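Values quoted throughout were computed directly from the atomic coordinates according to the rules given, and no laboratory measurement underlies them. Keep in mind it's a predicted model, so treat the numbers as computed, not measured. Ideal geometry is used to build each Cβ from the backbone, glycine not excepted, and the neighbour counts take in all protein chains shown.
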């Protein structure tokens, strides 16, 4: 479900034309209002950039499949509490990508890490290369895929996954909404 529309928009938000965007941080990534009166909005099926084998900034958005620490120890599954108990259970943190036993950064540490299967060492950082400079914004502008929740996506996709054309952001028909380009605050 999309969240309640209680945002205060500006001109830097990328709500041009009828391109797919994610102004409210919808977990499904970029979406749009459709031109179909019976279907208010749909996801656009833009692929995530997060499957990269490198990290931006501190790697909070990393969603790759590295499952070993820097010293080669196997990572403990996030949904298990043995050999180490921990607070980061996938059902309690659904937006942190705590899948299987992959390296993640659910607490904003300096880089991705995991709990280990070694009873003698609770957690350790993972060795992942950096994708770019440290100054790369968390929601970097992308054009062919999206990072995080897709708020930085600025590509030209303008149809939903079902092939329905998107409604223009500056139009209020067939669906009225609060995401007016001239009002919406850039994230």
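Numbers below:
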{"read-out": "Pair residue 172, residue 80: separation of 7 Å Cα→Cβ label points (nm)", "value": "5.6 nm"}
{"read-out": "Label-to-label distance, nm, for residues given as residue 88 and residue 141 (7 Å Cα→Cβ offset)", "value": "3.2 nm"}
{"read-out": "Potential lengthening between residue 58 and residue 154 on full extension [0.36 nm per residue; Cα-Cα distance subtracted]", "value": "32.3 nm"}
{"read-out": "Pairwise FRET efficiency - residue 107 versus residue 70, Cβ, R0 = 25 Å, nearest 0.05", "value": "0.90"}
